[in-house]
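Student: My questions will all concern the structure given below.
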């Protein structure tokens, strides 16, 4: 694992205000039919209170491997986050082909993960980690006393033509972020998930995020960014309610993918529709922050389309040389970038 200090990493400033949401939806409608712009979904970032603790959790419990450890501070990071005097550490870990980035703000710390979060709140986002054997993986989590978000693993019923036989379990990391274990039966999911090659934890299948309106989100992710629809289902019933720990849960689920990388799964709660919007004053150093990287050769064109300022980086210490941050219609954060390490 390499450790790099990069004091003047230049990053795009994040815009989370409502004007971004309105602009994104408007431009998405105008951009329908455009050529796909995003070539891959890259790393998924999560703001944590203690990167060492979070990395140990991912390594010891979920079998991630360390990749890099980078620190950045100064005016550029302040422009990125909108947080004065920000000092950022990014620890990257890998599982299979996919990567997570742990974003620790050494200064100033943000707010903790909302204690009363529910799975239908629109700041909800999770990472789905594929396992070859759900019973063994769940036993390992139990042995490490991992916090449950579901009472136990759930097998989705066979009557569901698009999700039947999938096993899933929600749990929480040391900061309270939601994570998921998922196991695919033969014939479902990416074919590479069918051969664990002796490994228990295999990789990241997708990141899932709650949206208010699937059609509005599709105009953004599909029509502007060029992700393709890869699957859809409507899930409900006792198993889904237990998985989400939410009575009456009924979800419209739409999966989008680029040519490479994990999927982006849109979760629209048809019921209950009581989910709360992302706090308007949420910032990058708050622990509810997730950040999904999208790789493209068209950073400048997408920046113009989304009215976001493209930033050129002096080197690739943070994994890319140019990019910007932008919010989707519900405030979920995306990092559009020109390349990865």
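The values are calculated or read from the model by the stated rules, or taken from the named source; none is laboratory data. Just so it is clear, the model here is predicted, and its values are computed rather than measured. Methodologically, a virtual Cβ is constructed for each residue, glycine included, from the backbone with ideal geometry; neighbour enumeration extends over all protein chains shown.
Student: Which residue pairs have Cβ atoms closer than 6 Å, lie 6 or more positions apart in sequence or on different chains, and pair a first residue in the range 131-148 that is more than 12 Å from residue 181 (Cα to Cα) with a second residue that is not in a loop (DSSP other than H, G, I, E, B)?
Tutor: Between residues of the range 131-148 that are more than 12 Å from residue 181 (Cα to Cα) and residues that are not in a loop (DSSP other than H, G, I, E, B), the close pairs are 144/61; 146/171; 147/172.
Student: OK, next. If I go through the range 140-174 residue by residue, how many of them are in a loop (DSSP other than H, G, I, E, B) and either more than 13 Å from residue 126 (Cβ to Cβ) or outside the structural domain of residue 244 (by TED's automatic domain parsing) (or both)?
Tutor: 18
Student: May I ask you to list the residues in the range 197-235 that are in a loop (DSSP other than H, G, I, E, B) and surrounded by fewer than 17 Cβ atoms within 10 Å (Cβ to Cβ)?
Tutor: Hits for the range 197-235 are 197, 198, 199, 200, 212, 213.
Student: Test of understanding: among 195, 205, which residue is at pLDDT below 95 and in the same structural domain as residue 178 (by TED's automatic domain parsing)?
Tutor: Checking each option against the conditions leaves just 195.
Student: Select from the range 239-257 the residues that are part of a strand (DSSP E or B) and closer than 16 Å to residue 178 by Cβ and list them in ascending order.
Tutor: Scanning the range 239-257 gives 251, 253.
Student: Something else about it: Looking at the range 119-130, can you tell me whether even one residue there is surrounded by fewer than 16 Cβ atoms within 10 Å (Cβ to Cβ) and part of a loop (DSSP other than H, G, I, E, B)? Talk me through it step by step, then tell me what you get.
Tutor: Step one: list which residues in the range 119-130 are surrounded by fewer than 16 Cβ atoms within 10 Å (Cβ to Cβ), which gives none.
No, every residue in the range 119-130 fails to be surrounded by fewer than 16 Cβ atoms within 10 Å (Cβ to Cβ) and part of a loop (DSSP other than H, G, I, E, B).
Student: Looking for whichever is over 24 Å from residue 98 (Cβ atoms) and touching a strand residue (DSSP E or B) at 6+ places or on another chain (Cβ under 9 Å) here; the options are 261, 319, 248, 323. Which one fits?
Tutor: 248
Student: With the condition kept exactly as written, say whether any residue in the range 115-132 is outside the structural domain of residue 327 (by TED's automatic domain parsing), touching a strand residue (DSSP E or B) at 6+ places or on another chain (Cβ under 9 Å) and farther than 30 Å from residue 270 by Cα.
Tutor: Yes, the conditions are met somewhere in the range 115-132.
Student: Please enumerate the residues belonging to the range 101-129 that are closer than 12 Å to residue 278 by Cα and under 14 Å from the mean Cα position of the chain (by Cα).
Tutor: Across the range 101-129, the qualifying residues are 122, 123, 124, 125.
Student: Further question on the same structure: Between a residue in the range 228-245 that is free of Cβ contacts under 8 Å to residues at least 24 places away in the same chain and in the same structural domain as residue 148 (by TED's automatic domain parsing) and any residue that is surrounded by fewer than 18 Cβ atoms within 10 Å (Cβ to Cβ) and not in a strand (DSSP E or B), which pairs come within a Cβ distance under 8 Å, given they are 6 or more apart or on different chains?
Tutor: Between residues of the range 228-245 that are free of Cβ contacts under 8 Å to residues at least 24 places away in the same chain and in the same structural domain as residue 148 (by TED's automatic domain parsing) and residues that are surrounded by fewer than 18 Cβ atoms within 10 Å (Cβ to Cβ) and not in a strand (DSSP E or B), the close pairs are 241/247; 241/248.
Student: Please count how many residues of the range 277-288 are surrounded by 15 or more Cβ atoms within 10 Å (Cβ to Cβ) and either free of Cβ contacts under 8 Å to residues at least 60 places away in the same chain or more than 19 Å from residue 108 (Cβ to Cβ) (or both).
Tutor: Residues in the range 277-288 being surrounded by 15 or more Cβ atoms within 10 Å (Cβ to Cβ) and either free of Cβ contacts under 8 Å to residues at least 60 places away in the same chain or more than 19 Å from residue 108 (Cβ to Cβ) (or both): 1 in total.
Student: Follow-up. Name the strands (runs of 3 or more DSSP E) wholly within the range 1-100 that hold at least 3 residues that are at negative phi and at pLDDT 90 or above?
Tutor: Filter on the range 1-100 gives 38-48, 65-73, 87-95.
Student: Can you find even one residue in the range 88-96 that is in the same structural domain as residue 70 (by TED's automatic domain parsing), within 13 Å of the chain's Cα centre (by Cα) and either within 24 Å of residue 212 (Cβ to Cβ) or crowded, with 19+ Cβ neighbours inside 10 Å (or both)?
Tutor: no
Student: Yes or no: the range 116-132 includes at least one residue that is farther than 21 Å from residue 208 by Cα and modelled with pLDDT of 95 or more.
Tutor: no
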